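Some notes on the structure that comes next.
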Amino acid sequence: MFRRERSIPLRGSAAALCNNLSVLQLPVRSLTHFGVVHGPSAQLLSAAPEGVPLAQRQLQAKEGAGVSPPLITQVHWCVLPFRVLLVLTSHRGIQMYESDGSVMVYWHALDAGDASLVQAVFARGIAASGHFICVGMWSGRVLVFDIPAKGPNIVLSEELAGHQTPVTDIATEPAQGQLDCKPLENRDCVADMVTADDSGLLCVWQSGPEFKLLTRIPGFGVPCPSVQLWQGTIAAGYGNGQVRLYEASTGTLHVQIDAHARAICALDLAPEVGKLLSAAEDTFVHIWKLSRRPEGGYIEVEHCHGECVPDTQVCGARFCDPSGSSFAVTGYDLAEILRFSSM
Amino acid sequence: MSVRTLPLLFLNLGGEMLYILDQRLRAQNIPGDKARKVLNDIISTMFNQKFMEELFKPQELYSKKALRTVYDRLAHASIMRLNQASMDKLYDLMTMAFKYQVLLCPRPKDVLLVTFNHLDAIKGFIQDSPTILHQVDETFQQLTEIYGGLSAGEFQLIRQTLLIFFQDLHVRVSIFLKDKVQNSNGRFVLPVSGPLPWGTKVPGLIRTFNDKGEEVRKVEFKHGGSYVTAPKEGSFELYGDRVLKLGTNMYSVNRPVETHMSGASENLAAQTQESIAPNPLAKEELNLLARLIGGMEIKKPSGPEPGFRLNLFTTDEEEEQAALTRPEELFYEVINIQATQDQQTNEELARIMGEFEISDQPRRSASKGDDLLAMMDEL
């Protein structure tokens, strides 16, 4: 059972985007950072336990040329081995900041290149993989940036081709997951990144100085707005309300959940305990427990909890602590972050 | 965001406008022939071929201010006049209605069905005018050509673009409050029951498969809602059962058109964001569509044809009162540009446009300015 905790007010309402909430947990400092996209601006705020808001900051999409202010598509904290960077993607480019948003350390302008007149140009989908940050593009390409331990000397190291339609989300194995990974037949072939797109296609990658495409999991006519990766299992949320779990190394479908009545907008993981959170435009947030059977070894799912956020088209949801005992939700047009914790 | 959104926004808002005007014309007992003329003139202007050509070009959405100017001109395309307060109210009702329809669309693609519902009703208004009917059918064709082949992902982007346009609008509408589709805080009710989107299964089932793809386990869970599968898919043909009720006419003579002005709104900062953002073209935001409407000539019948004023409120006093008490954050700064025949003004504007041209603009964002200049050259 979960109860509503005190909401955290936002300066601006949340935009109707997917994955529109990023959370950076800093348990050592008893702080939680939240990031929400409003439109042409994003809001960062930090809160103490009990949700008491402490500091807040607004970031704008870097203008570039053009008549109207560009819109931000996503804001996300990337936890790297030696630093944390905040990444902001928009219709103009990719902005990277120090984790508190105080200093921009890198700007990458999008090259509209051979986008046709009818294509919207934007970056979307952000994830950290080792010392790389990967960002998806409207073209389906994924940019891989090499991040130094400190300083602004960030370099675009690779451009991955795997998708033909706009990238929606990217997920990488959480650090702990890699250590606890069950022994795979071919240890050289560790799937540690998955990218998703508007057609529902998933691409599974192995990270490294050069990323390698391991396998593709085709879509079925609906977008896959959100994806997670845990101990070799991919959890993907789709536009028809389904959550599907696949074996990352082979692409085999193992679980299919008719989870929501509308498009899924966000998935999150509490990797320590194998909990998965799904949120959708149907106003519901569901929490699931993932586990691997001892014999057979494939993944199983159990439903733990469902929460209705009345009259709210949810657009972002995240766990707020590693044990998955609390989570936060944003909704379209809502100027607050809703918080829930288990009793 | 999506550059394919403007036609859907314009046609659906236009449709709502016609529903409201039709209801008010009847409520105010405007003679049948005058009422028909007004609707015919407005519809004929909306579906003018040149106008539609411009509308369907891939482009960013207009700002709220710019779009409002288009409807101001459209509403005055005939012999009918509206005071500022009535025009404000009309626009509030139109935008809240379409916002509601977009929000409640089961699938992003269903916004096309909503558009078809509006077009079907528009055809009902002009049954006796084969020329205008033909124009509407042409537009139907164009919609099918452009949107018929779009993927679910592209419709999702269109939906997000529309919702960003409507973000933070919370005007309370009496008919919505009465029907309990809107709460007293201005937010729409999102039901957790009823028919599912076409292609979505009833939530509540977890199926597990082995390596060979055989189902090995089936478990149900309690999902919290009360849904049923959609009986059938709405038709995207020229004629057909759309199934979806969103976008059909919710007004009738017995259901008066009222609004509650939402006084204290939560996000003043967010709402006024657009008006304070610096925009060198703000004053001259020519609004190509508005200019095109302004340039169209409505054939005036021979003999004196006195215009009349339509009131969106029940009495003139109410209308005056509404104008005085409209909350400041809901002001629409209407751009009154007499962009029709003044050649000198056009030249001046062209000069100003030239001054603002930034040399290394990427191809895409220069399109708005370039189009304007090209249009002016043609005049």
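Restricting region A:294-313 to residues that are aliphatic (A, V, I, L, M) and within 16 Å of A:R244 (Cβ to Cβ) leaves a set whose member that is surrounded by the most Cβ atoms within 10 Å (Cβ to Cβ) is A:V301. Among the residues of region A:245-268, those that are more than 11 Å from chain B (Cβ to nearest Cβ) and surrounded by fewer than 24 Cβ atoms within 10 Å (Cβ to Cβ) comprise A:S249, A:G251.
Taken together, the residues in region B:1-17 that are small (G, A, S) and assigned to a helix (DSSP H, G or I) amount to 2.
Applying a threshold of 6 Å to beta carbon distances and a minimum spacing of six or more residues, or different chains, the list of pairs starting in region B:112-134 at a residue that is in contact (Cβ under 8 Å) with a residue 12 or more places away in the chain and ending at one that is of a type in the set (K, R) and open to solvent by less than 30 Å² (accessible area, probe 1.4 Å) reads B:L113/B:R242; B:F116/B:R242; B:N117/B:R242.
Table: residues versus (1) touching an Asp or Glu at 6+ places or on another chain (Cβ under 9 Å); (2) assigned to a strand (DSSP E or B).
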site	(1), (2)
A:A112	no, no
A:S116	no, no
A:Q119	no, no
A:R124	yes, yes
A:A128	no, yes
A:I133	yes, yes
A:S139	yes, no
A:V144	yes, yes
A:K150	no, no
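Per-residue answers, yes or no, for (1) open to solvent by 30 Å² or more (accessible area, probe 1.4 Å); (2) in a loop (DSSP other than H, G, I, E, B):
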| position | (1), (2) |
| --- | --- |
| A:G12 | no, yes |
| A:N19 | no, yes |
| A:Q25 | yes, no |
| A:V28 | yes, no |
| A:G35 | no, no |
| A:L44 | no, no |
| A:E63 | yes, yes |
| A:T73 | no, no |
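Residue-level analysis places B:Q59 outside the set of residues that are in a loop (DSSP other than H, G, I, E, B), open to solvent by 20 Å² or more (accessible area, probe 1.4 Å), in contact with a helix residue (DSSP H, G or I) (Cβ under 8 Å, 6 or more places away or on another chain) and more than 14 Å from chain A (Cβ to nearest Cβ).
Of all residues in region B:35-55, how many are within 19 Å of B:R4 (Cβ to Cβ) and either open to solvent by 20 Å² or more (accessible area, probe 1.4 Å) or small (G, A, S) (or both)? Residues meeting the conditions: 1.
Answer yes or no as to whether A:V227 is without any contact (Cβ under 8 Å) to a residue 60 or more places away in the chain and surrounded by fewer than 21 Cβ atoms within 10 Å (Cβ to Cβ).
When the stated conditions are applied, A:V227 does not pass them.
Criterion applied to B:F140, B:F125, B:F176 was being away from chain A (no Cβ under 14 Å) and over 17 Å from the mean Cα position of the chain (by Cα), and the one residue passing it is B:F125. Within region B:179-197, restricting attention to residues that are facing chain A (nearest Cβ under 8 Å) and assigned to a loop (DSSP other than H, G, I, E, B), the residue that is nearest to A:A14 (Cα to Cα) is B:R187.
With respect to A:V84, determine if the residue is under 21 Å from A:H163 (Cα atoms) and either surrounded by fewer than 24 Cβ atoms within 10 Å (Cβ to Cβ) or more than 14 Å from chain B (Cβ to nearest Cβ) (or both). Here the answer is no, as A:V84 does not meet what is asked. Number of residues in region B:104-116 that are in a helix (DSSP H, G or I) and buried (at least 21 other Cβ atoms within 10 Å of the Cβ): the value is 7. One residue alone among A:G101, A:G125, A:G130 is of a type outside the set (F, W, Y), in contact (Cβ under 8 Å) with a residue 24 or more places away in the chain, at positive phi and open to solvent by 20 Å² or more (accessible area, probe 1.4 Å), and that residue is A:G130. Of A:R339, A:R262, all but one fail to be part of a strand (DSSP E or B) and of a type in the set (D, E, K, R); the exception is A:R339.
What are the residues in region A:315-336 that are assigned to a strand (DSSP E or B) and open to solvent by less than 10 Å² (accessible area, probe 1.4 Å), if any?
A:C315, A:G316, A:A317, A:F319, A:F327, A:A328, A:V329, A:T330, A:G331
Scanning region B:18-31 for residues that are part of a helix (DSSP H, G or I) and open to solvent by 40 Å² or more (accessible area, probe 1.4 Å) yields B:R26, B:A27.
Looking only at region B:147-173, count every residue that is assigned to a helix (DSSP H, G or I) and over 18 Å from the mean Cα position of the chain (by Cα) and tell me the total.
3
Of the strands (runs of 3 or more DSSP E) entirely within region B:205-317, those holding at least 3 residues that are at pLDDT 85 or above and within 14 Å of chain A (Cβ to nearest Cβ) occupy B:205-209, B:215-220, B:226-228.
For B:F165, the test of being closer than 30 Å to B:L6 by Cα, modelled with pLDDT of 90 or more and either facing another protein chain (nearest Cβ under 10 Å) or open to solvent by less than 80 Å² (accessible area, probe 1.4 Å) (or both) is passed. The residues of region A:15-37 that are touching a residue at least 24 places away in the same chain (Cβ under 8 Å) and out of contact with any strand residue (DSSP E or B) (no Cβ under 7 Å at 6 or more places or on another chain) amount to a single one, A:P27. Of the residues making up region B:3-33, those that are in contact with a Leu (Cβ under 8 Å, 6 or more places away or on another chain), of a type in the set (D, E, K, R) and away from chain A (no Cβ under 14 Å) are B:E16, B:D22, B:R24.
Taking the numbered list (1) facing chain B (nearest Cβ under 10 Å); (2) closer than 24 Å to B:R217 by Cβ; (3) buried (at least 19 other Cβ atoms within 10 Å of the Cβ) in turn, A:F220 passes all entries but (3).
Check region A:280-293 and report whether any residue there is part of a loop (DSSP other than H, G, I, E, B), closer than 30 Å to B:F155 by Cα, touching a strand residue (DSSP E or B) at 6+ places or on another chain (Cβ under 7 Å) and open to solvent by less than 30 Å² (accessible area, probe 1.4 Å).
Yes, there is a match, as at least one residue in region A:280-293 is part of a loop (DSSP other than H, G, I, E, B), closer than 30 Å to B:F155 by Cα, touching a strand residue (DSSP E or B) at 6+ places or on another chain (Cβ under 7 Å) and open to solvent by less than 30 Å² (accessible area, probe 1.4 Å).
Kindly provide the set of residues from region A:237-272 that are closer than 26 Å to A:T312 by Cβ, over 17 Å from the mean Cα position of the chain (by Cα) and not charged (D, E, K, R), ordered by number.
Listed by number, the residues that qualify are A:N240, A:G241, A:Q242, A:I257, A:A259, A:H260, A:A261.
Restricted to region A:282-333, and to residues there that are over 20 Å from the mean Cα position of the chain (by Cα) and in contact (Cβ under 8 Å) with a residue 60 or more places away in the chain, the residue that is farthest from the other protein chains (Cβ to nearest Cβ) is A:R292.
The values are calculated or read from the model by the stated rules, or taken from the named source; none is laboratory data. In this text, all values refer to a predicted model and were calculated from it rather than measured experimentally. Note that we place each Cβ from the backbone using ideal geometry, even for glycine, and neighbour counts take in every protein chain shown. In case anyone asks, the SASA skips ligands and DNA or RNA and just uses the protein heavy atoms, side chains included. Shrake-Rupley method; radii C 1.70, N 1.55, O 1.52, S 1.80 Å.
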